[in-house]
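First comes the structure, then the notes that go with it.
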Amino acid sequence: MLALWLFFAPKGMVFYNGIVYFDISALALVGYTMAAYLLTELFSRIYQKRSVGETMYYVTIELGQKQTMLTGFLDTGNTLTDAYTGYPVAICDFEAIRGILPVGMLDLFSQPVDLERLENLVTARTANHFKLIPYHTVGFSGILPAFRPDKMVLQGGSLLYPVENVYIAVSQQRLCKGDYDILLSPDML
């Protein structure tokens, strides 16, 4: 504002003691306020319609020789990351991912993590593929078992997004009423 006032000195603008004053009528002030509000609402609605379609994805996950296709929801509130690597974490319910999990790991993923079975989940052979991810939500906290898929691809419309360096945490509880199977992190895109 200072630069505007110094270089152009618009009529009706006063800059005094670090404060800018505009000499406009009350009616003009109301009109400009309404115009700014309408433009803001217009851009907000256009962006909102565009972003709603960009929140649902088809998700293909491969682990070993097995593959599954899920419906994913891009949850902007999902900030879960692996504490050691910083990789983003998607959250999937057990029933949706059960078909690709190794037979030896089904018991560990189907039940809440218990410290006595902790050494069975992460061994020297599986340390790069399986982890325990601590989480904290409003009123809840705990540990979710997670695995690193061999391949993960998101499909939104006609675009494919290969995702690398990601973990998929497995929840024993259903995420929603069946609209989606996996909660995606915005860091995956």
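Can LEU6 be described as at pLDDT below 85, surrounded by fewer than 10 Cβ atoms within 10 Å (Cβ to Cβ), more than 30 Å from PRO162 (Cβ to Cβ) and aliphatic (A, V, I, L, M)? No, not satisfied. Quick one: in region 57-71, which of the residues that are open to solvent by 60 Å² or more (accessible area, probe 1.4 Å) and either free of Cβ contacts under 8 Å to residues at least 24 places away in the same chain or β-branched (Val, Ile, Thr) (or both) is nearest to ASP93 (Cα to Cα)? The residue in question is MET69. Confirm whether ASN17 is exposed (fewer than 10 other Cβ atoms within 10 Å of the Cβ) and among the polar types (S, T, N, Q). Here the answer is yes, as ASN17 does meet what is asked. Within region 168-188, residues that are touching a residue at least 40 places away in the same chain (Cβ under 8 Å) have Cβ atoms under 8 Å from residues that are surrounded by fewer than 14 Cβ atoms within 10 Å (Cβ to Cβ) and assigned to a helix (DSSP H, G or I) in these pairs: ARG174/GLU95, counting only partners at least 6 apart in sequence or on another chain. Within region 72-83, the residues that satisfy the criterion of being open to solvent by less than 40 Å² (accessible area, probe 1.4 Å) and either of a type in the set (Gly, Ala, Ser) or over 15 Å from PRO149 (Cα atoms) (or both) are GLY72, LEU74, ASN78, LEU80.
The values are calculated or read from the model by the stated rules, or taken from the named source; none is laboratory data. Here the structure is a predicted model, which is why all the values come from computation and not from measurement. A quick note on method: Cβ atoms are made from the backbone with ideal geometry, for glycine too, and the neighbour counts reach across all protein chains shown. Ligands, DNA and RNA are excluded from the accessible area calculation, which covers all protein heavy atoms including side chains. Shrake-Rupley method; radii C 1.70, N 1.55, O 1.52, S 1.80 Å.
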